[in-house]
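Structure record follows, encoded as structure tokens.
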Amino acid sequence: MSEIPLKPLGRQDIHRLETYLLLGTLLRKDVIERIRKAEDRLTWIDSLAVAAGALARQKAGMPISKIAEELGRSEGTIRNHLNKKTEAGKLVWETYELLAKGQVDPIATVLSTGDIEKVKKELDEAIKERDQLRSKVKELEDQVKELRNKLERIKTLLKEVAEVVSSKLEEAIKAI
């Protein structure tokens with residue numbers, strides 16, 4: 001337990017604390033149960049990862065703007081996690097406090113389960129699913145962009161048609 005860098009001094013310490021926070025939170029029975037029941041399982045895991053990353057960086061003295069930049073989230077999201085306004089933020093803070101008191105050792109928990117391969121496989125599957133979803137989101141965003149471009153071209157054509165019709169109508173009226 002003494003190897004957990006509760007006040008990280010560098011990148012390696014930040015990543016170690018982030019790992020301990022994430023594993024310690026994910027391996028809690030109450031969290032495992034919530035994740036099992038959650039339809040938005042990947043969102044839950046992603047939120048926990050962001051909250052763990054934010055807290056580890058805050059403990060290293062990093063400003064919120066830098067944390068947000070590194071984690072690819074808004075400053076508001078980071079503040080919400082750090083101020084325990086999100087469920088993920090609350091859970092990660094609880095894990096930090098348990099780590100600080102020496103009441104939880106996530107690495108020992110993983111090692112004692114004997115299910116490292118199972119956990120690794122599930123994590124790999126979750127990462128693969130997340131990547132597939134991100135790819136699908138990107139594909140859909142590209143389709144939306146293409147449809148917007150088509151809509152703009154249609155609007156331009158309709159405007160041109162309206163101008164021609166208006167011009168022809170004016171000519172017809174003048175001819176009468």
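The values are calculated or read from the model by the stated rules, or taken from the named source; none is laboratory data. Being a predicted model, the structure only gives us computed values, none of them experimental. So basically every Cβ, Gly included, is an ideal-geometry build from the backbone, and we count neighbours across all protein chains shown. Surface accessibility is based on the protein's heavy atoms, side chains included, excluding ligands, DNA and RNA. Shrake-Rupley method; radii C 1.70, N 1.55, O 1.52, S 1.80 Å.
Here the label points at LEU9 and LYS155, each 7 Å from Cα along the C-beta direction, are separated by 5.9 nm in the simple model. In straight-distance terms, cross-link reach from LYS150 covers every one of the lysines whose alpha-carbon lies under 18 Å from its own, apart from those fewer than eight places away in the same chain; here that gives LYS159.
Taking the protein heavy atoms of the chain in the context of the full set of protein chains, the accessible area attributed to carbon and sulfur is 55 percent at 1.4 Å.
Length gained on full extension, ILE35 to ILE64, computed as 0.36 nm times the residue gap minus the Cα-Cα distance: 7.7 nm.
Between SER74 and ASP142, the contour length at 0.36 nm per residue exceeds the Cα-Cα span by 22.2 nm.
Accessible surface calculations at 1.4 Å, restricted to protein heavy atoms, place the chain at 69 Å² per residue.
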